[in-house]
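K.L.:
Would you mind keeping the following structure in view while I ask a few things?
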Amino acid sequence: MSRSHAGSLLLLLGLAVCWGYNWVVMKIGLHDAGPVAFAAIRCLGGAIILGCVLLALRRSFKIVEPWTVAAIGLLQTALAQGLIAMALSGGQAGKSAVLNYTLPVWVMILGFLFLKERPRLMQWLATAVAFGGVMVMTFLNETTISLAPIFLALSASICWGAGTVVTQSLMRRHNGRIDTVVLTAWQLFIGGVVLTALAFIVPEAPLHWTTSLVLALLYNVGPASAVAFLLWFMLQQRIEANVLSLIVLIVPLVGIAAGWLQLGERPTGPDAIGMALILAGIAVMVVSQRRKLPVTAQAEG
């Protein structure tokens, strides 16, 4: 194995651990914080860290199309992060991770509707398989489950997908010449401000500043945001977009394993079958996208 491939593998493993394990960290942190407040602190903390990085590198904070970036921040940060935190507060970490990573399905559908992209037959079949997995997880469980966390996790993924489509459109208009670090910093900041405002409006339990909450927040603004995004940007320079999208499916697998080992969230039979169908469908979909697409600056973890 060449040094380049070994380096890419280490970066990928670091990203999978940072984002995959964060599903468990968020679940633990949400015991002592309302989901909206938790998401707000995470986003603003990540924005501050990336802002410091930009200052240290003496790079401009100037962005193009501020209203478009604001829309990305609303969809991809405020709504997606807020909804996934709400899903985690009442659902399982591993299941929420898999449902959230239905992203390629929503990007394909929204791209078809708004960007006039024509999916291949294999992509439609992969979508059907992934949706079949969702249906199995939702309606074939032998135990009584709440549908709210499933709905919230899927809604978060749809918002993330919508933000991705808007980002792709922005990238195309500017031929990909967008500073992804600046874009991510701004969308985290905008999303964090919106979530902070909502935290004062939405009724939820007050923050309890326990050690576990502080550690969870530190992990979210550090390894899960600043470090993970740095790894993500580095991987974008080394691996093609489609290949990277497929490999990043390791993230929900890490979330499932960590939730099982640390939180005792053992998947039921239908859950296991449903998650396998979802991951298989997404893998087929990503492989079928042969042309190189721009990788969005923001990912969920």
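Computed from the coordinates by the stated procedures, all read-outs in this text should not be read as laboratory data. The structure displayed is predicted, hence computed values, not measured ones. All Cβ positions, even for glycine, are placed from backbone atoms using ideal geometry, and neighbour counts span all protein chains on display.
K.L.:
What residue among ALA130, ALA148, ALA226 shows peak mean-square fluctuation when the chain is described by a Gaussian network model with Cα springs under 10 Å?
P.N.:
So, out of ALA130, ALA148, ALA226, the one fluctuating most is ALA148.
K.L.:
Towards the positive end of the charge dipole of the chain, with charges on Cβ (+1 Lys, Arg; -1 Asp, Glu), say which of GLY161, ALA130, ILE63 has the farthest Cα.
P.N.:
ILE63
K.L.:
Same structure again: Give the range of the longest stretch in the chain that excludes all chymotrypsin sites (Phe, Trp or Tyr not before Pro) found in loop regions by DSSP and having at most 13 other beta-carbon atoms within 10 Å. If you can, show how the numbers build up before the last one.
P.N.:
Numbers: sites that count: PHE61, PHE200, TRP209.
Result for the longest clean stretch: 62-199.
K.L.:
Would you please put 268-281, 69-82 in order of how densely packed they are, using the mean number of other Cβ atoms within 10 angstrom per residue and starting with the highest?
P.N.:
Values: 268-281: 19.2, 69-82: 24.6.
Most protected by this proxy first, the peptides run 69-82, 268-281.
K.L.:
Turning to a different aspect of this structure: What is the local net charge at GLY94, summed over the other residues whose Cβ is closer than 10 Å to its Cβ (Lys, Arg +1; Asp, Glu -1)? Each step should come with its number before you reach the end.
P.N.:
Values: positive: LYS27, LYS95, ARG266; negative: GLU265, ASP271.
Taking every other residue near GLY94 into account, the sum is +1.
K.L.:
Here's something else I'd like to know. I need the calculated FRET efficiency for the pair LEU115 and VAL287, taking r as the beta carbon distance and R₀ as 30 Å, to the nearest 0.05.
P.N.:
Values: r = 21 Å, r/R0 = 0.69.
My answer for the efficiency is 0.90.
K.L.:
Exactly which trypsin sites (Lys or Arg not before Pro) in the range 8-94 are in a DSSP loop and have at most 15 other Cβ atoms within 10 Å? Write down the numbers at each step before the final one.
P.N.:
Numbers: sites: LYS27, ARG42, ARG58, ARG59, LYS62; in loops: ARG58, ARG59, LYS62.
Taking the range 8-94 and a limit of 15 other Cβ atoms within 10 Å, the loop trypsin sites (Lys or Arg not before Pro) found are ARG58, ARG59, LYS62.
K.L.:
Based on the Kirkwood radius over alpha-carbon pairs, what value in µm²/s does the Stokes-Einstein equation return for the translational diffusion coefficient of the chain at 25 °C and 0.890 mPa s?
P.N.:
Working: Rh = 19.3 Å.
Diffusion coefficient, whole number: 127 µm²/s.
K.L.:
Relative contact order (percent) for the range 10-288, with alpha-carbon contacts under 8 angstrom and 6 or more residues of separation?
P.N.:
Values: 411 pairs, mean separation 124.3, N = 279.
Taking the mean separation of contacting Cα pairs over the length of the range 10-288, I get 45 percent.
K.L.:
On to the next question. Using the Kyte-Doolittle scale, find the helices of the chain whose mean hydropathy is at least -0.5 and whose Cα atoms extend 18 Å or more along the helix's long axis, counting only whole DSSP H runs.
P.N.:
Values: long enough: 3-29 (38 Å, 0.98); 35-56 (32 Å, 2.12); 121-139 (27 Å, 1.59); 147-173 (39 Å, 1.01); 180-199 (27 Å, 1.87); 250-263 (19 Å, 1.83); 269-288 (29 Å, 1.88).
Helices meeting the span and hydropathy rule in the chain are 3-29, 35-56, 121-139, 147-173, 180-199, 250-263, 269-288.
K.L.:
A follow-up question, please. Assigning unit charges at the beta carbon (Lys, Arg +1; Asp, Glu -1) and nothing else, what dipole magnitude in debye, to the nearest 20, does the chain show about its Cα centre?
P.N.:
Numbers: 18 positive and 10 negative charges, 227 e Å.
Charge dipole of the chain: 1100 debye, to the nearest 20.
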